[in-house]
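Reviewing the structure listed below.
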Amino acid sequence: MNELIAGYAGRIGFHVPLEPTLACLRHLHEAHLYNVPFENFSMHGNAERGLGEEALREVIVDRRRGGICFETGRLMQWLFDEGGFDYEIRLGGSVNPKGPATHQVFVVTLDGERWLFDIGYGARGPRGPVRLADGEELTHPALSTRVGLDRGPGAPVWTVSIQEHAVGSTEWQDIYRFVDAPVEAADLDMAHFYTTASPNSLLNKHKVASIPTPTGRLSVRDGHVTIVHDGSSSTSPVDDEAQLQEVLGRYFGLTIPLRDLGLER
C-alpha cells in the first residue's frame, strides 16, 4: 500500500483489510462519509490545483480539508484500484434544480451484482452502497435511499431518491439521475471544469459544508448553520467570518483561511 493510499485510509479511519467484498465496500462508504466533509470553501484552489495525487494528498489527507465529488471520488478511485474492485464511473445531474451531469458516482460490481457507491453528494446523499435494482431501498434511521430504473429507448437511466426521516419527511424526493453508460475521461474532465470554473455552477454560487451524523446532519450554507438531529431541524445565521471559522472547526474539523470564508471568491 503506497503512502497516499495509507494516508487516505488513516484519514477516514479505515483499518480493515482492503479487499473487493461487500462488507469492505460498506465499511469504505461509512468511513469516508462520516469523516470527510463535502465542502467548497476554496473553489478557486480546487480549479487551480486539479486532481493530481500530490495536490489531493496535501489538501484532503495532510490538511484534513473536505472536497467536492471529483476530489473525494478520485481518492476513492485510487483506493478501489489498490483493493482490486471492479468499478465504473457515472455522471449524474441534479433534479431540482435541474442541472447538467456534473456529479460523479461509482457503479461497483461484486459477485455479479451492481452497487451504486456515492460518497460525494454530501450529507443528504446515500448512507451506504445501494444495490442497483429497480425500486431497491437502503433504509437508514436518518435518511433512506431508493433507486428507480427508466428503461427508455436509449441507455437505462437511474433516479436516486431520498427520504429524510431526521426531519420528519414521509415523502421521497428525487435528488439526481444518471445514465447507466460508461463515462469517458474527457467527459469527466469537462464536468470537473464546469463545476469549478463556470459562473453557472451551483458550487460557484454558494459556499457550503456538510457532513452526516448517525441521527441527522450538519450543514453550513452561505453563512447559515443547519443542525438536523433526531426529528428536529434548526437554522441560525453566523454573525461574522471569525464565528464561521470557529463553527467550521468545531463541527467539521476544518481549518479554513479567513480569505476563503466570504462570498467573494
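Odds and ends about this structure:
- Those strands (runs of 3 or more DSSP E) lying entirely in the stretch 143-237 with at least 3 residues at pLDDT 95 or above and within 18 Å of the chain's Cα centre (by Cα): 144-150, 157-163, 173-179, 208-213, 216-221
- Selection within the stretch 1-26 - farther than 16 Å from residue 78 by Cα, open to solvent by 60 Å² or more (accessible area, probe 1.4 Å) and part of a helix (DSSP H, G or I): 23, 26
- In the stretch 234-245, the residues that are within 30 Å of residue 140 (Cβ to Cβ) and open to solvent by 70 Å² or more (accessible area, probe 1.4 Å): 235, 237
- Single condition residue 250 does not satisfy, out of (1) open to solvent by 90 Å² or more (accessible area, probe 1.4 Å); (2) in a loop (DSSP other than H, G, I, E, B): (2)
- Residue match in the stretch 89-102 (condition: at pLDDT below 95, closer than 28 Å to residue 181 by Cα, open to solvent by 30 Å² or more (accessible area, probe 1.4 Å) and of a type in the set (A, V, I, L, M, F, W, C)): no
- Filtered residue count, the stretch 19-41, keeping only those that are touching a Ser or Thr at 6+ places or on another chain (Cβ under 8 Å) and over 17 Å from residue 118 (Cβ atoms): 0
- Any hit, the stretch 124-137, residues being more than 22 Å from residue 208 (Cα to Cα), open to solvent by 30 Å² or more (accessible area, probe 1.4 Å), touching a helix residue (DSSP H, G or I) at 6+ places or on another chain (Cβ under 9 Å) and part of a strand (DSSP E or B): no
- Flag for residue 220 being surrounded by 14 or more Cβ atoms within 10 Å (Cβ to Cβ), among the hydrophobic types (A, V, I, L, M, F, W, C) and over 23 Å from residue 107 (Cα atoms): yes
The values are calculated or read from the model by the stated rules, or taken from the named source; none is laboratory data. Small disclaimer: the values here were computed from a predicted structure and weren't measured. As a convention, Cβ positions derive from the backbone with ideal geometry for all residues, glycine included, and neighbour counts pool all protein chains shown. Areas reflect the complete protein model, heavy atoms only, side chains present, ligands, DNA and RNA absent. Shrake-Rupley method; radii C 1.70, N 1.55, O 1.52, S 1.80 Å.
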